[in-house]
């Protein structure tokens, strides 16, 4: 009441908009106002790599005897060496790719011991952040780690223990030990890292269907596009932000050709990328027999893994800015439910973004 009286005194009418709670709110995709990077190097998506983890060596113990002004032989005072650093993989949602992982990951060695009972400093552990869903395999191909939760860790190589100084070996019968230990060597292991869940949505289509152009139009990713025919060799990934603070990852996958399930072209490597996506967008080239493309995509997925045919999917017909594609769009809709878009001019991209968000919500 006091608030309404205050508005009346100021001769202002409060404007209150009440939203009908029964209406389901539809999140809208946000257009990024930040310009794209102008760097020459384009970061592509790395979903698998091989690394060698080298842990640090422990520091050597010290052999020393204390000598002070009042007593020349005050006993042993050699300190212990520090422990070597571990190499640890940690899962985090802030990483989406493995392109930051080096081929050799080495931790520092522990510091040696000093006189006057001064121990060496322990080396810091090297913690490498990896995406959620990273699978770690050893040199024999066995799965030794599966990082599915935030903050999950896997110790890839343990650092060596520090050597003990001669003060440790002091006994009743041995008052002046002149022996110390060397630091233990650290472990050296080889691993293969694979990201199981690469992206929420994958762009699936034949070469030159316009997948890279569509990813450029929807996200800030910068896959290579050109006016001549070629295909993407490595996947690129982009993020679509929505106004309810959700982010959907969409991947531009290499083109699929007939016989991919027999390892033709990129073959099995490509189909493994598809297997890691939770939803699929079939992008058809409207200027090049789209029905035949759709049948080929379905056949290759079914031959590789029948479970992929049960994934959520959306069919989009690209290049409707061309007159001949607009003419055949009604005929194609009689066969399969498609969304007519133009990745080049941006026609109907808002409708595609709503379908992408619907697929994401149903999967979650």
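Cβ crowding within 10 Å ranks 284, 132 as 132, 284, fewest other Cβ atoms first.
Model label sites at residue 50 and residue 71, defined 7 Å from Cα along the beta-carbon direction, differ in position by 6.0 nm. Once the Cβ-Cβ distance of residue 247 and residue 351 is raised to the sixth power relative to R0 = 22 Å, the FRET efficiency obtained is 0.65. For the peptides 181-187, 168-174, 125-131, the ranking by mean Cβ contacts within 10 Å, running from highest to lowest, is 181-187, 125-131, 168-174.
Ranking of 357, 142 by neighbouring Cβ atoms within 10 Å, starting from the fewest: 142, 357. Could you run the Debye sum over the Cα atoms of region 41-196, one equal point scatterer each and no solvent, and tell me log10 of I(q)/I(0) at q = 0.09, 0.11 Å⁻¹, two decimals? So the normalised log intensities work out to -0.42, -0.55. If R0 is taken as 45 Å, the Cβ-Cβ distance between residue 178 and residue 100 corresponds to a FRET efficiency of 0.40. Descending by average beta-carbon neighbour count within 10 Å, the peptides 346-356, 114-124 line up as 114-124, 346-356, the highest first. Protection proxy ranking, highest mean first, for peptides 333-339, 309-315: 309-315, 333-339, where packing is the per-residue count of other beta-carbon atoms within 10 Å, averaged.
No value in this document is a laboratory result; all are computed from the given coordinates. These numbers come from a predicted model, not from an experiment. Glycine also receives a Cβ, built like all others from the backbone with ideal geometry; neighbour counts cover every protein chain displayed.
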